[in-house]
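The values are calculated or read from the model by the stated rules, or taken from the named source; none is laboratory data. Computed from a predicted model, the values in this text were never measured in an experiment. Counting neighbours? That spans all protein chains shown, and the Cβs are built from the backbone with ideal geometry, glycine included.
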Amino acid sequence: MIKLTVSTLLAIIFFLLVVLFIFLMYLLVQRQRESYFEKVRDRYLQNYSQFWYDYLFNNALFSIVLVPRGSAQVEAIEKIFSSYLKNIRNEQVELKIKQFSNQYLKAFYEKDLSSKRWSIRMNALYRIADLQIDELLTKCQEFEKNNITDEEHFQLLKIYSLFQPDLFMEKIKNSNVNYAESEYRRLFILLDDNVFIRFFHDFNSLSAKMQFAVIDTAAVKRNMEYLDELKKLLHHDTPEINIRALKGLYEIGIIDEMDPFVPFVTSEMWEARLMVAKIFKHVPLTYTYSYLEQLLQDENWWVRSQAAKTIVEDRHGIAKLQQFIESSNDQYAIEMAQEIAARKEGK
Amino acid sequence: MKIIDSCMMFFGGIILFYMLFVIVSYCTMFIIAMLDLRKRYRLDLSEYDDAHIDAFYSKPVSLLVPAYNEEVGVVDTVYSLLNLRYPQTEIIIINDGSTDQTLQTVIEHFQMKPINKIVRTNIPTKDIKQIYESEIYKNCILVDKENGGKADALNVGINVSQYPYFCSIDGDSILDEKSLLRVMKPIILSDGEVIAAGGNIRIANGAKMQFGSIYETQLPSNYLVIMQVIEYLRAFLMGRIALSKFNLVLIISGAFSVFSKKWAVEAGGYSTNIIGEDMELVVNIHRLIKEKKENKRIEFVPDPVCWTEAPQTLGVLRNQRRRWHQGLFESLWKHKKMTLNPRYGMIGFLSFPYFWLVECLGPLVELGGYIYIVIAFFLGKIYYEVALMLLLLFVIYGVIFSIAAILFESWSMNTYPKKRELLRMILLAFTEIFWYRPLTLFWRCEGLLRFVLRKSDWGNMKRVGIAEKEKSV
Amino acid sequence: MNDIKFTHDIMQEHEVERYFKIWRESVIRSRLTITAVFLKTANATQLNENVNDQVTSFLQSKIRKTDLLFQLSDGDHWGIFFLQSSDVEARAFLKRIFAILKAERKFQQIALKASITEIRNNNVIFEELLNKNKQMLSGDEQFTWSIAEVKDYCEQPTEFVKVSIIEQNAIFRQVLESTLNQINIPYFSLDVKVYEDGYSFLQSDDYKSGHMHLILMNDILPLKNGLEILHILRHMPNEKKFIIYMMSERNSEGAALNAYEGGVDEYIVKPFNLRLLEAKIKRTFARFWQ
């Protein structure tokens, strides 16, 4: 039996070595092909980069030599386009890229979409969104009916949000995939304001992560319309939503009334108290000092620290803090006030 | 003679059986890793990178650089951190009471000025002497503290840090510009369900670099270092990726890993009285997850690359391996109750047994195998067959696996693009079982022994500095 | 009226010449336009000392502290140097005082004519300036209250400006290079150089010359990043000559604040509009001559 095993082992080793050898050969051939591919790509880049610049920026005539032949040249064009789109904002250039891609690159990506390889399909979906190939929209909708992964689905949503916001709104509300907050933000940020505001209309039907993402995106968009929507959310039943809305309002930085915020000074959640202490930065100290003094004596270190920082930002802040240090008997609060005041004076 | 006979048969059987077991488990992990990497083959990652460079989609990270006598390497490390493509970071260099010029070098290089800063003590540590802030980079600070070991230095860093995640980087390592973005990817995309992530470590020896950026990867010329390169590739393909898929990771390298500050603090930060403080923290966090019955994960990310310097001489390598193994044993021993404990689920039933059997006690058995072959040679014919089989298993285990790892890495990541380098690695892999493997086995067994005898000495590595003699101006 | 005799503390031609030589050089060095105005009574026959004194004291009361009034040696011309002012301001000044002189009764006897010379280069010789203006005012063809103009010195010299683009992406680098090469800024000639990393820029030593230097760079760069270059440049003795634009793809408030605190003149988040960048650069240069 042992004898048998030795020869079996030898056979196995031999077999494995052969397999590895074939793999090695395949790799070497692959390398060769890759380097040829790169050569073609780089040659295209070298020869036509200037043409592209002239065509896109200087209104030079389009030349047929720019049309790609083969995937190496497509990759070169992708490189050129992505360098432009990533660095430069120019509607005319974007439009030209879009037109070109719809005309000459569409076929390449359409083929890639039906690839068996997940990564190739993903890359195609990336490009369709980046280069705005809207003629592939119906193709994408067909593609959605296949058994696709969550990542592909996300990419499709992004494509819809670019080409057909209504379809996007419908899909995202009925989507049963749960994406990360940051992914929802990536989807929402590109929406037009009149589409985005619809999220607030049926806010409660959204999943928690979408709700958070809506609030955060609204804060970044800094539209006055959203200010009122965010203020409404301060009365929402979910504490986390209240805190997010406070944070959003702080980031927008326009505080036109105090009343909605005052109740949070005595909130149960320290995060809410912290956010209020931050929000008061945007309000003159005369209106907020009494609340900030209260927050300066908070049980939570972060709240105390923020309250002191907010006070100090005002022109008369240091004087107020000194006054507080002399009159108070809350040792923790005094220490915090002293530290922050010392740091401010040190600067 | 009878006794020797049955002894030989018995041990031969055990070793053979063990080798088969190890080979099968490695094969399984290799296949899992292969499938995982195949899916991602040629995926364009820049899409994610470009989007997430925007602060709106990512979370700020504090980068902790503990430095004890790192005057040669630390400046390059900090440069590599300054060049990271990441929207919001702070760099905290912690000088752990170095006796060389580390402090002065950093102060001079980055124009550090003393500042007053309020530090919140989340984890008790040795005293901080002074905190400095760079005049050039406002997000770069230096903490000068009493010597207390790497773990203590990291704890100070955690206390000083202001962001929700921290990343520990050894004071002699270089990060790839996109590595932080990508190691944070599982954390961002899981909305914090992943609470720690470790990156892939590569060997920097031989790579050409300047001011903290690697501009050409080149296979080092030293055979000892090439063997380590191969060893790292293997460990990564047959181990880390598969374990990570099932949330079984017990080790994410301390040289480059990200943790959620909240969880790390709750787990008590880094333990100061243990050799393998990085493993200890991971195990503690696993423990915490299970005890709080939360659905959190620790992941290993195959792509992010941290370049670190490998030992170039046998002496230093011996010290390193001895220490690593002693550390591994110590950590496993400390948490031995988790082994096969239903409370800890898969960690208890799969991870711990795997680490005990394959990683920790493996060298002992394997070394036994080598000794067996030698003895069998002297005892004569009857044992030749068992010895031969053992040898063949070693060939599979050593040579075949190594070559497979080299080829597969070359296919999926292509770190060393030159054909000559690829062939050189493969040729060298054939020699592995004759010198490198037995040597490291021996050192690791030494480590085991030292743990049993409770010896400890902190094998300090002699550093050349990653930037080959190139002086940073 | 004539019982009070003013002793006017007015500078004389020969005293002013020395100052003029200094100002003339700072026209180039600090890009400060000087405008000289010369005045002469229109009806020279009526010249009397009283009128002369009256004009002197009137002018003295109207000029700003930074303007310099002086009397020419021939006695019937006044000169005023307006520092940091163009002909537009000088003309406005003249219109204003002429209006006052015409309106008020006590100045009835005074009638003036004037000439303006805008000086934007240093090829001016004091003597020549005076002569040209005297000639301009000497003829009888000008009317009273007329304002003539000497155009000989208003052409500013073309200044040589170095432009360094430090950007890693080769395609975008080329775009920036082409764009900046195409920018046409009056009186400035741009010499554009490109670098792909911070180290090669510092190695080039190009930034050590005294020329004005526009730098357009990324914040993250291989080998010596943008912030470090910024620090080095801003700590050089003549750091004012650098105009530093920093481009960044990190859309983060903190990063922008750090950059401005470190001394960038503009912080531009990618992707940005090239036309806008061009306009910003043009505006930056236009501001240099005042």
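Here are the numbers for the structure shown:
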item: Count of residues meeting criterion [part of a helix (DSSP H, G or I) and of a type outside the set (S, T, N, Q)] in segment B:204-235; result: 12
item: Sole residue being in contact with a strand residue (DSSP E or B) (Cβ under 9 Å, 6 or more places away or on another chain), modelled with pLDDT of 90 or more and more than 9 Å from every other protein chain (Cβ to nearest Cβ), chosen from C:241, C:193; result: C:193
item: In segment A:168-202, the residues that are more than 20 Å from residue B:56 (Cα to Cα) and either basic (Lys, Arg) or part of a helix (DSSP H, G or I) (or both); result: A:168, A:169, A:170, A:171, A:172, A:173, A:174, A:194, A:195, A:198, A:200, A:201
item: Conditions (1) polar (S, T, N, Q); (2) in contact (Cβ under 8 Å) with a residue 40 or more places away in the chain; (3) more than 13 Å from chain C (Cβ to nearest Cβ): number failed by residue B:139; result: (3)
item: Set C:245, C:207, C:195: member being surrounded by 15 or more Cβ atoms within 10 Å (Cβ to Cβ), of a type in the set (Ser, Thr, Tyr) and out of contact with any helix residue (DSSP H, G or I) (no Cβ under 7 Å at 6 or more places or on another chain); result: C:245
item: Matching entry among A:171, A:158, A:231 (being within 14 Å of chain B (Cβ to nearest Cβ) and of a type in the set (D, E, K, R)); result: A:158
item: Segment A:266-280: number of residues that are at pLDDT below 90 and buried (at least 17 other Cβ atoms within 10 Å of the Cβ); result: 1
item: Tally, over segment B:43-97, of residues that are more than 30 Å from residue B:411 (Cβ to Cβ) and more than 9 Å from every other protein chain (Cβ to nearest Cβ); result: 28
item: Residue tally, condition closer than 30 Å to residue C:273 by Cα and free of Cβ contacts under 8 Å to residues at least 40 places away in the same chain, over segment A:8-67; result: 25
item: Residue count for segment B:53-80, restricted to those that are more than 26 Å from the chain's Cα centre (by Cα) and of a type outside the set (Phe, Trp, Tyr); result: 3
item: Residue in segment C:234-246 that is in contact with a Pro (Cβ under 6 Å, 6 or more places away or on another chain) and among the charged types (D, E, K, R) present; result: no
item: Every pair of residues 6+ apart whose Cβ atoms lie under 8 Å, when the first sits in segment A:182-201 and is within 14 Å of chain B (Cβ to nearest Cβ) while the second is charged (D, E, K, R); result: A:182/B:191; A:184/A:209; A:185/A:216; A:186/A:158; A:187/A:158; A:189/A:221; A:190/A:158
item: Residue in segment C:157-175 that is away from chain A (no Cβ under 14 Å), assigned to a loop (DSSP other than H, G, I, E, B) and surrounded by fewer than 16 Cβ atoms within 10 Å (Cβ to Cβ) present; result: yes
item: Spans of helices (runs of 4 or more DSSP H) in segment A:203-306 with at least 1 residues closer than 22 Å to residue A:192 by Cβ; result: A:208-221, A:224-233, A:239-252
item: When residues of segment A:78-95 are limited to those that are closer than 29 Å to residue C:220 by Cβ and more than 8 Å from every other protein chain (Cβ to nearest Cβ), the one surrounded by the fewest Cβ atoms within 10 Å (Cβ to Cβ); result: A:91
item: Residue in segment C:200-218 that is within 14 Å of chain B (Cβ to nearest Cβ) and closer than 20 Å to residue C:276 by Cα present; result: yes
item: Top-ranked residue of segment C:83-135 - restricted to ones that are of a type in the set (Ser, Thr, Tyr) and modelled with pLDDT of 85 or more, ranked as farthest from residue C:287 (Cα to Cα); result: C:115
item: Filtered residues of segment A:221-248 (kept if of a type outside the set (Phe, Trp, Tyr), over 19 Å from residue A:280 (Cα atoms) and surrounded by 19 or more Cβ atoms within 10 Å (Cβ to Cβ)); result: A:229, A:241
item: Test: residue in segment A:54-77 that is within 30 Å of residue A:190 (Cα to Cα), within 14 Å of chain B (Cβ to nearest Cβ) and under 24 Å from the mean Cα position of the chain (by Cα); result: no
item: Residue in segment A:315-325 that is assigned to a loop (DSSP other than H, G, I, E, B) and under 23 Å from residue A:263 (Cα atoms) present; result: no
item: Subset of segment C:67-103 [more than 18 Å from residue C:148 (Cα to Cα) and assigned to a strand (DSSP E or B)]; result: C:67, C:68, C:69, C:70, C:71, C:83
item: Residues located in segment B:236-267, provided they are out of contact with any strand residue (DSSP E or B) (no Cβ under 6 Å at 6 or more places or on another chain), modelled with pLDDT of 90 or more and assigned to a helix (DSSP H, G or I); result: B:262, B:264, B:265, B:266
item: Condition check for residue B:99: polar (S, T, N, Q) and outside any loop (DSSP other than H, G, I, E, B); result: no
item: Flag if residue A:134 is away from chain B (no Cβ under 14 Å), buried (at least 16 other Cβ atoms within 10 Å of the Cβ) and under 26 Å from the mean Cα position of the chain (by Cα); result: yes
item: Members of segment B:349-402 that are within 14 Å of another protein chain (Cβ to nearest Cβ), touching a Lys or Arg at 6+ places or on another chain (Cβ under 9 Å) and surrounded by fewer than 18 Cβ atoms within 10 Å (Cβ to Cβ); result: B:385
item: Test: residue in segment C:116-129 that is of a type in the set (A, V, I, L, M, F, W, C), surrounded by 15 or more Cβ atoms within 10 Å (Cβ to Cβ) and farther than 30 Å from residue C:159 by Cα; result: no
item: Failed criterion for residue B:292 (all others in (1) buried (at least 19 other Cβ atoms within 10 Å of the Cβ); (2) free of Cβ contacts under 8 Å to residues at least 12 places away in the same chain hold); result: (1)
item: Selection from segment B:185-203 of residues that are surrounded by fewer than 24 Cβ atoms within 10 Å (Cβ to Cβ) and not in a strand (DSSP E or B); result: B:185, B:186, B:188, B:189, B:190, B:191, B:192, B:193
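Every residue, every condition in (1) in the same structural domain as residue A:162 (by TED's automatic domain parsing); (2) surrounded by fewer than 17 Cβ atoms within 10 Å (Cβ to Cβ); (3) at positive phi; (4) not in a helix (DSSP H, G or I), yes or no:
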| position | (1), (2), (3), (4) |
| --- | --- |
| A:46 | no, yes, no, no |
| A:54 | no, yes, no, no |
| A:76 | no, no, no, no |
| A:97 | yes, no, no, no |
| A:102 | yes, yes, no, no |
| A:107 | yes, yes, no, no |
| A:115 | yes, yes, no, yes |
